[in-house]
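Asker: Quick one: the structure is below, questions incoming.
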Amino acid sequence: MTERIASLRRKTGETDISMTLNLDGSGTSEIKTGIGFFDHMLNSFARHGFFDLKLDVDGDLDVDCHHTIEDTGIVLGEAIKKALGDKRGIRRFGSFILPMDDVLVLVAMDLSGRPYFCYDVALTTPKVGDFDTEMVREFFYAVSYSAGMNLHIKLLSGENNHHIIEGIFKAFAKALDEASSMDARIQDVLSTKGAL
Ligand SMILES: [Mn+2]
């Protein structure tokens, strides 16, 4: 199997992002976004999805955390798409229901090439650390659209906002690990159309 690794650099007036993603890694990460809680979430994503993720973000945090988080989502989606290549042999669908203390979250995805985003999560605090909780939606919207991914995120139960957000990042990692994994029974791409 060819290596499923993507390295990207994206530089705008608001952010300068360098990322290397290995879909077939071991869960190691080296992450620096300037936002402690966001680093914590992306470390969890790498660890629980067995992805290797190197990320360096220089964002305009003197404004707020918005551009840094949204643009990281855009680059992560692009890296997923690039690393997947022609998607030959992948399972395509993935889902996970993840418990974290009081919280139960569901993430389901289809690496169909057609973006769709459905987010049913009510967060009750404006911030966790320096991370604005409204950015969870923005981040995953950006990932789904730049990866060409149908992505559904639903909070089933629970209240603690740190647990809810961390549960979403971990469930997303587990669902992506499943959807991107190879199935020896799939000879070409898993679509009656012949392309994803
Ligand atoms: Mn935590």
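Asker: Among Val57, Val75, which is among the hydrophobic types (A, V, I, L, M, F, W, C), closer than 24 Å to His152 by Cα, in contact with a helix residue (DSSP H, G or I) (Cβ under 9 Å, 6 or more places away or on another chain) and buried (at least 20 other Cβ atoms within 10 Å of the Cβ)?
Answerer: Working: Val57 fails: closer than 24 Å to His152 by Cα.
Testing whether each residue is among the hydrophobic types (A, V, I, L, M, F, W, C), closer than 24 Å to His152 by Cα, in contact with a helix residue (DSSP H, G or I) (Cβ under 9 Å, 6 or more places away or on another chain) and buried (at least 20 other Cβ atoms within 10 Å of the Cβ) leaves just Val75.
Asker: Only one residue in Val105, Val143, Val136, Val128 is over 22 Å from Asp71 (Cβ atoms) and among the β-branched types (Val, Ile, Thr). Which one?
Answerer: Val105
Residue by residue, here is whether (1) under 13 Å from the mean Cα position of the chain (by Cα); (2) within 15 Å of the ligand (Cβ to nearest atom); (3) more than 20 Å from Phe51 (Cα to Cα) holds:
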position: Asp102; (1), (2), (3): no, yes, yes
position: Thr124; (1), (2), (3): no, no, yes
position: His152; (1), (2), (3): yes, no, yes
position: Leu155; (1), (2), (3): no, no, yes
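Asker: Can you tell me which residues in the range 166-196 are more than 20 Å from Ala147 (Cβ to Cβ) and part of a loop (DSSP other than H, G, I, E, B)? Show your work before the answer.
Answerer: Restricting attention to the range 166-196, the residues satisfying the condition of being more than 20 Å from Ala147 (Cβ to Cβ) are 166-167, 184-185, 187-188, 192, 194.
Once the filter is applied, which keeps residues that are more than 20 Å from Ala147 (Cβ to Cβ) and part of a loop (DSSP other than H, G, I, E, B), the range 166-196 yields Ala184, Arg185, Gln187, Asp188, Thr192, Gly194.
Asker: Wholly within the range 1-67, which strands (runs of 3 or more DSSP E) include no fewer than the required count, namely at least 2 residues that are closer than 24 Å to Phe96 by Cβ and within 16 Å of the ligand (Cβ to nearest atom)?
Answerer: By residue number, 29-32.
Asker: On to the next question. If I filter the range 114-151 down to residues being crowded, with 17+ Cβ neighbours inside 10 Å and of a type in the set (Gly, Ala, Ser), which single residue comes out as nearest to Asp39 (Cα to Cα)?
Answerer: The residue in question is Ala142.
Asker: Name the residues in the range 152-183 that are surrounded by 19 or more Cβ atoms within 10 Å (Cβ to Cβ) and either hydroxyl-bearing (Ser, Thr, Tyr) or free of Cβ contacts under 8 Å to residues at least 24 places away in the same chain (or both), would you?
Answerer: Ser180
Asker: Just to be sure before I move on: is Phe139 in contact with a Phe, Trp or Tyr (Cβ under 8 Å, 6 or more places away or on another chain) and either at pLDDT 95 or above or within 16 Å of the ligand (Cβ to nearest atom) (or both) in the structure I sent? First the steps, then the outcome.
Answerer: Values: in contact with a Phe, Trp or Tyr (Cβ under 8 Å, 6 or more places away or on another chain): no; either at pLDDT 95 or above or within 16 Å of the ligand (Cβ to nearest atom) (or both): yes.
The answer is no for Phe139.
Asker: Which residue, of Leu111, Leu106, is surrounded by fewer than 22 Cβ atoms within 10 Å (Cβ to Cβ), more than 24 Å from Thr33 (Cα to Cα) and at pLDDT 95 or above?
Answerer: Of Leu111, Leu106, the one residue that is surrounded by fewer than 22 Cβ atoms within 10 Å (Cβ to Cβ), more than 24 Å from Thr33 (Cα to Cα) and at pLDDT 95 or above is Leu106.
Asker: Has the range 89-99 got any residue that is within 16 Å of the ligand (Cβ to nearest atom) and either in a helix (DSSP H, G or I) or modelled with pLDDT of 95 or more (or both)?
Answerer: yes
The values are calculated or read from the model by the stated rules, or taken from the named source; none is laboratory data. Predicted model, so just to flag it, every value in this text is computed and none were measured. When we count neighbours, we look across all protein chains shown, and the Cβ atoms used for this are built from the backbone with ideal geometry, even at glycine.
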